[in-house]
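Student: Sending over a structure as structure tokens; questions will come in a sec.
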């Protein structure tokens, strides 16, 4: 009888710990964008996982957006379409290839491809700040976010087989 009660107690404790661990990972998701098994894709800041791609992307993109909005664009406006779309490609290849397990994750490659992508995102954002519903911003956002979204789903399915 004692062993049976001990087993039930241990099982209940394990169940509670698993639920709490899942809740904690879910709370961390807003700044990590990754489950605990993928925290290698994050930098630890104050003991919390923060997405390394976001740490590279947003500060650089905001700098470019503000600079462009104030008249200091990173390149001549005539090149916007080509560079905004083109600079998204390396980060997309990196993300899709890694998600589909075509190659292993690399923090260095992630930072480099994101640093290439950030000025394009920032320049597109500057267009959006100047002209709501700008195609220079929303066209690439919808296109590449859709690709990344389906790659993430496919990758999750591949890893869970």
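The values are calculated or read from the model by the stated rules, or taken from the named source; none is laboratory data. The model shown is predicted, which means the values in this text are computed figures rather than measured ones. In this analysis, Cβ positions are derived from the backbone assuming ideal geometry, glycine residues included, and neighbour counts consider all displayed protein chains.
Residues checked against (1) assigned to a helix (DSSP H, G or I); (2) at pLDDT below 85; (3) surrounded by fewer than 15 Cβ atoms within 10 Å (Cβ to Cβ); (4) at positive phi:
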position: 19; (1), (2), (3), (4): yes, yes, yes, no
position: 26; (1), (2), (3), (4): yes, yes, yes, no
position: 30; (1), (2), (3), (4): yes, yes, yes, no
position: 43; (1), (2), (3), (4): no, no, no, no
position: 81; (1), (2), (3), (4): yes, no, yes, no
position: 92; (1), (2), (3), (4): yes, no, no, no
position: 109; (1), (2), (3), (4): yes, no, no, no
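Student: State yes or no: is residue 76 without any contact (Cβ under 8 Å) to a residue 40 or more places away in the chain and more than 20 Å from residue 141 (Cβ to Cβ)?
Tutor: Yes.
Student: Further question on the same structure: Assess whether residue 74 counts as being touching a helix residue (DSSP H, G or I) at 6+ places or on another chain (Cβ under 9 Å), within 26 Å of residue 123 (Cα to Cα), assigned to a loop (DSSP other than H, G, I, E, B) and at pLDDT 80 or above.
Tutor: So residue 74 fits the description; yes.
Student: Determine if the range 114-128 includes at least one residue that is surrounded by fewer than 14 Cβ atoms within 10 Å (Cβ to Cβ), within 16 Å of the chain's Cα centre (by Cα) and assigned to a helix (DSSP H, G or I).
Tutor: Restricting attention to the range 114-128, the residues satisfying the condition of being surrounded by fewer than 14 Cβ atoms within 10 Å (Cβ to Cβ) are none.
Within the range 114-128, none of the residues are surrounded by fewer than 14 Cβ atoms within 10 Å (Cβ to Cβ), within 16 Å of the chain's Cα centre (by Cα) and assigned to a helix (DSSP H, G or I).
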